[in-house]
1. Please count how many residues of region 56-69 are part of a loop (DSSP other than H, G, I, E, B) and loosely packed, with under 14 Cβ neighbours inside 10 Å.
2. Count, please, the residues in region 194-225 that happen to be out of contact with any strand residue (DSSP E or B) (no Cβ under 6 Å at 6 or more places or on another chain), surrounded by 17 or more Cβ atoms within 10 Å (Cβ to Cβ) and within 27 Å of residue 69 (Cβ to Cβ).
3. Taking the conditions exactly as written (over 19 Å from residue 144 (Cβ atoms), more than 15 Å from the chain's Cα centre (by Cα), outside any strand (DSSP E or B) and modelled with pLDDT of 95 or more), does residue 40 satisfy them or not?
4. With region 92-179 as the region, which strands (runs of 3 or more DSSP E) entirely inside it contain at least 1 residues that are crowded, with 16+ Cβ neighbours inside 10 Å and in contact (Cβ under 8 Å) with a residue 60 or more places away in the chain?
5. Confirm whether residue 202 is more than 30 Å from residue 95 (Cα to Cα) and either more than 20 Å from the chain's Cα centre (by Cα) or modelled with pLDDT of 95 or more (or both).
6. Spot the failing condition for residue 191; the list is (1) touching a helix residue (DSSP H, G or I) at 6+ places or on another chain (Cβ under 7 Å); (2) buried (at least 24 other Cβ atoms within 10 Å of the Cβ), and only one is missed.
């Protein structure tokens, strides 16, 4: 029994070490905060491999990667950031995968009296809107998209003093979901998330109002788990993963996304 126990302990140690070695860390744009956890749950159930997540603004995550953060895969809300990392030798060009074209929406709580269908983005001019949440345009692609959309419709100067800036798009969504802002320009993925989908309604900002949010993922060059990282990214490209992401509004570039107003 003594030898058997020692053998069993050795097997468990080796198995545990292997499992730990296969664990990867994914740095992901904040708009993925609702979609990635269930996707990873599915991946782990199918493969037994574990994935840790670190969410943030794409610009901040890029700076962390440049400074040596130990990430294995990077999901960015703007493909320019992965391309910058590739140019700097910090990411693998052949692994670059555009997984979605992101969508920007104007979201208001359910009790808001505003008629989004009729007003669209001009609803933000209503005196009842004291604060409007957006992500930080300096580091968050959705923040840049929000600022561009406000300028596209010619209302940026009129609402600039009422803008509340979140560090990333998740924080911008939290501001309006919690009532600290009366409206928010947020990601469609947040509007469709369990935390927000039954608490408000939204209007989809037309695609021609802001630069395309071509979202892309890439395996990082300094990853110590490149094989595991590549396997996870291949799973993200599977029909199963694509269907799951679609539930949160992540539309493949080859598909034609909905346009104009969408109410919820």
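1. Quick first cut of region 56-69, residues part of a loop (DSSP other than H, G, I, E, B) only: 57, 67-69.
Subsequent filtering for residues that are loosely packed, with under 14 Cβ neighbours inside 10 Å retains 67-68.
Of the residues in region 56-69, 2 are part of a loop (DSSP other than H, G, I, E, B) and loosely packed, with under 14 Cβ neighbours inside 10 Å.
2. The number of residues fulfilling the criteria is 1.
3. Details: over 19 Å from residue 144 (Cβ atoms): yes; more than 15 Å from the chain's Cα centre (by Cα): no; outside any strand (DSSP E or B): yes; modelled with pLDDT of 95 or more: yes.
So residue 40 fails the test.
4. Values: elements: 97-102, 104-109, 132-135, 163-166.
Strands (runs of 3 or more DSSP E) meeting the threshold: 97-102, 104-109, 132-135.
5. Numbers: more than 30 Å from residue 95 (Cα to Cα): yes; either more than 20 Å from the chain's Cα centre (by Cα) or modelled with pLDDT of 95 or more (or both): yes.
Answer is yes for this residue.
6. Result: residue 191 passes all but (1).
The values are calculated or read from the model by the stated rules, or taken from the named source; none is laboratory data. What you see is a predicted model; the values in this text were computed from it and never measured. So basically every Cβ, Gly included, is an ideal-geometry build from the backbone, and we count neighbours across all protein chains shown.
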